[in-house]
Amino acid sequence: MSRLLIRGGRVIDPGHGVDLQGDVLVDDGRIVAVAQLLAPDSAEVLDARGLVVCPGFVDPHAHLCEPGWEHRETIATGAAAAAAGGYTSVCAMPDTDPPVDDPASVGFIVAAGRRAKGARVFPAAAVSAGRKGEHLTEFGEVVDAGAIAVTDAGRAIASSKLMRLALEYARSFDIPVLSHPEDADLARDGVMHEGVVSTRLGLKGKPSAAEEIGASRDLALAAATGGRLHLQRVSTAVAAARIRQAKECGVNVTAEVTAHHLLLAHEVVASYGTEFKVDPPLRTRDDTRALCAALADGTIDCIATDHAPRHYDEKEQAFDDAPFGAVGFETTFAVLHTHLVVTGKLELATLIERMSTGPRTALGLARGTLQPGEPADIVLLDPEARWTIDPGAFLSKCRNTPFAGKQVTGKVVRTLVGGRTVRDASGSPRAASAP
């Protein structure tokens, strides 16, 4: 593999406090050096002037739908769409058909991910056999096959005893248990946030208390076992506060939040638009403000897309009948940069950290930094580019986004995985001759 010098960009590596105008040298798929001025030494030179050069984004929560739901997405199309959004690593959820709950199914995801020409794909295996919440999967076997975490992916583990066993057992393999925190009985049949809007619309609501009870239980069990707990798709202010308190008490917990839970509130459901039907549901403005604050202060460690493709025909139903889910790979950076960074609510370096180093640490991946010797998983961003989100241009097979038609500022220009360009949206190569 040829040497590559990425020249003249603003290099941000938040995990190591790097923020400088300079160069990044890549050789044989790994970072060699980061400095203000590096000699090309026969390397191909990529002009990054005016761009931000940072670690590739890591998505801790995505649904790639294969096997079983290939009409929605495949591992290949998902990996390509992820790369278009600046993601170089993606953790694939096991809610496929059949579920990823044994070594053979984990191995299938690993092999398909290697063949895909896009982001790296890392499988999570189911906590319980068949995602039924009855018996644990064989953690050792699925980890040996390549699983980096366990989760029942959108299904809360109803049995506290089973959840405790999962946290204890996962310690032996140093993997996190990714939990959907929810009291399933309380949330059952809800299609949006329970409140004045759901009452007015005549839609059954999911109360905030369902998430808060689930989060409290999982945090208590993590404290009791010392297991690595990762709370998925936090959506309420109270859950965020309880995570903050648990961290202050030394509980081994990390947490994620999605762009739609940071930016959108339940009032948008008044249109009955099924693009706004997500799980957990969109909450209140007080919740979005609390989540943004928790993201900024580090209570919430990382940003997840919860990329959940749904076919047009599936979403073109009555709100009650349509499936939950929204795609997120190709919009997350742009909408968060526009609404949080450009408005001064979050520093650019913090957003990058929550999309790279934060999820890398939560999942235990050796990616998400520009330190010498690390894999050259890199994204180049144009923070000034203005564009309109057009679902018709997505590389994902599905178009179900709540941000269609939104004007945004900030764009992924190029994505490199292992030093190779897997996505170039610059319009023309930005190569420069060596001086």
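Values in this text are rule-based calculations from the coordinates and carry no lab data. What you see is a predicted model, and the numbers here were worked out from it, not measured in a lab. Ideal geometry is used to build each Cβ from the backbone, glycine not excepted, and the neighbour counts take in all protein chains shown.
For the chain, list the DSSP H helices whose alpha carbon atoms reach 20 Å or more along the long axis and whose average Kyte-Doolittle value is -0.5 or above? Qualifying helices, which must be both long enough and hydrophobic enough, are 208-225. At 4 °C and 1.567 mPa s, what whole-number value in µm²/s does Stokes-Einstein give for the translational diffusion of region 275-413, with Rh from the Kirkwood sum over Cα pairs? Translational D for this selection: 79 µm²/s. Taking a Cβ cut-off of under 15 Å around H337, the surrounding Lys, Arg, Asp and Glu residues balance to a net charge of +1, with basic ones at +1 and acidic ones at -1. The 3J(HN,Hα) values that the Karplus relation (6.51, -1.76, 1.60; θ = phi - 60°) gives for region 57-73 are, in residue order, 6, 10, 9, x, 7, 9, 10, 9, 6, 9, x, x, 10, 5, 5, 8, 6 Hz. Gly and Pro appear as x. Between the C-alpha center of region 122-177 and that of region 260-327 there is a gap of 25 Å. Note on the chain: Lys pairs 8 or more places apart or on different chains, Cα atoms under 21 Å apart, count 16. Taking label positions 7 Å along the Cα-Cβ direction at both E248 and E384, the computed distance is 4.3 nm, reported to one decimal. Put a dot 7 Å past the Cα of Q371, heading toward its Cβ, do the same for A129, and the two dots end up 4.1 nm apart.
Computed on region 162-288, with alpha-carbon pairs under 8 angstrom and 6+ residues apart, the relative contact order is 27 percent.
For the chain, the alpha carbon positions stretch 66, 47, 43 Å along the principal axes, listed from largest to smallest. Placing a pseudo-label 7 Å from each Cα along the Cα-to-Cβ vector at A220 and R115 gives an inter-label distance of 4.7 nm.
Given R0 = 51 Å, the distance between the Cβ atoms of D313 and D286 translates into a calculated FRET efficiency of 0.90.
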